[in-house]
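Below you'll find the structure, written out as structure tokens, and then a few comments.
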């Protein structure tokens, strides 16, 4: 796994109106750029091939931000950088370079909660789907639980009306699944759920509170009232 990975949480109540704007209105509503000097510079770097730069001014004059994301060949990178650049995220949790087990631990904890009857299959599946690109359910869950999770349908696009452009090295959840993940994290942290089902794996006595990533996620999420949350995690392949 790479040395760069993070979680990003955003609220569609804030993001949807921004994506619906045409670029002139978006620039007026969000005038500050930090890494780039203008929307044009941002577009050339993240939205266009070098051969297409001649059409950027027409795009900026006519298209909405959402239409641009759907059109660009790098939709995930475009959205990720735009949300962070314009401070449209609710929280960004960077993962320590040496921490490669956070996904396994969270999915295993959710699986143990499901076995005890404290977590629904839908919620366990949501936790897994947020980590599906980097977690093998057959390694971290008991076989019958892994089979049940893999039998569930894959989630739809994180943002309706846009393609499911999350890269192979990442996973994104829309509102219903994101809510389940957030509820799981907050409850499991509050009740100090064990990381593993009884007899499943070594490490007796370890709980979700042993996981630094979970603690930082919970700390960030508890301070926010999210009406329509979405969440994605990605890592640099």
Completion exercise
Restricted to segment 88-110 and to residues being part of a loop (DSSP other than H, G, I, E, B) and modelled with pLDDT of 95 or more, the residue farthest from residue 186 (Cα to Cα) is 88
Practice task
With respect to residue 171, determine if the residue is in the same structural domain as residue 231 (by TED's automatic domain parsing), surrounded by fewer than 15 Cβ atoms within 10 Å (Cβ to Cβ) and closer than 18 Å to residue 93 by Cα.
Solution key: no
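May I ask you to say which residue of 72, 53 is touching a helix residue (DSSP H, G or I) at 6+ places or on another chain (Cβ under 9 Å), modelled with pLDDT under 85 and either crowded, with 20+ Cβ neighbours inside 10 Å or assigned by TED's automatic domain parsing to the domain that holds residue 162 (or both)? Walk me through it before giving the result.
Numbers: 53 fails: either crowded, with 20+ Cβ neighbours inside 10 Å or assigned by TED's automatic domain parsing to the domain that holds residue 162 (or both).
Going through 72, 53 in turn, just one is touching a helix residue (DSSP H, G or I) at 6+ places or on another chain (Cβ under 9 Å), modelled with pLDDT under 85 and either crowded, with 20+ Cβ neighbours inside 10 Å or assigned by TED's automatic domain parsing to the domain that holds residue 162 (or both): 72.
Give 173, 185, 124 a once-over and let me know the one that is under 18 Å from residue 102 (Cα atoms), touching a strand residue (DSSP E or B) at 6+ places or on another chain (Cβ under 6 Å) and modelled with pLDDT of 95 or more.
Working: 185 fails: touching a strand residue (DSSP E or B) at 6+ places or on another chain (Cβ under 6 Å); 124 fails: touching a strand residue (DSSP E or B) at 6+ places or on another chain (Cβ under 6 Å).
Selected residue: 173, the only one of 173, 185, 124 that is under 18 Å from residue 102 (Cα atoms), touching a strand residue (DSSP E or B) at 6+ places or on another chain (Cβ under 6 Å) and modelled with pLDDT of 95 or more.
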Practice task
Find the residue count for segment 177-195, including only residues that are without any contact (Cβ under 8 Å) to a residue 40 or more places away in the chain, surrounded by fewer than 16 Cβ atoms within 10 Å (Cβ to Cβ) and touching a helix residue (DSSP H, G or I) at 6+ places or on another chain (Cβ under 8 Å).
Solution key: 2
Fill in the blank from the handout: Of (1) out of contact with any strand residue (DSSP E or B) (no Cβ under 8 Å at 6 or more places or on another chain); (2) modelled with pLDDT under 90; (3) under 19 Å from residue 99 (Cβ atoms), residue 196 satisfies every one except (2)
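Which count do you get for residues in segment 131-175 that are under 30 Å from residue 67 (Cβ atoms) and touching a residue at least 12 places away in the same chain (Cβ under 8 Å)?
First pass over segment 131-175, keeping only residues under 30 Å from residue 67 (Cβ atoms): 132-133, 153-175.
Then keep just the ones that are touching a residue at least 12 places away in the same chain (Cβ under 8 Å); that gives 132-133, 154-163, 165-175.
Final tally of qualifying residues: 23.
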Exercise for the section: Consider residue 30 carefully, then state whether it is farther than 30 Å from residue 129 by Cβ, modelled with pLDDT of 90 or more and in contact with a helix residue (DSSP H, G or I) (Cβ under 9 Å, 6 or more places away or on another chain). Expected result: yes
Practice task
For residue 150, indicate whether it is loosely packed, with under 15 Cβ neighbours inside 10 Å and either in contact with a strand residue (DSSP E or B) (Cβ under 9 Å, 6 or more places away or on another chain) or at positive phi (or both).
Solution key: no
Handout entry: Hits in segment 153-168 (condition: surrounded by 15 or more Cβ atoms within 10 Å (Cβ to Cβ) and over 21 Å from residue 104 (Cβ atoms))
Key = 158, 159, 162, 165
Practice task
For segment 111-180, please list each of the helices (runs of 4 or more DSSP H) lying entirely inside it that holds at least 2 residues being under 19 Å from the mean Cα position of the chain (by Cα).
Solution key: 121-129
Handout entry: Residue check, residue 64 surrounded by 15 or more Cβ atoms within 10 Å (Cβ to Cβ) and either out of contact with any strand residue (DSSP E or B) (no Cβ under 9 Å at 6 or more places or on another chain) or in contact (Cβ under 8 Å) with a residue 60 or more places away in the chain (or both)
Key = no
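The values are calculated or read from the model by the stated rules, or taken from the named source; none is laboratory data. These numbers were taken from a predicted model, which means no experiment stands behind them. Note that each Cβ is placed from the backbone with ideal geometry, even for glycine, and that neighbours are counted across all protein chains shown.
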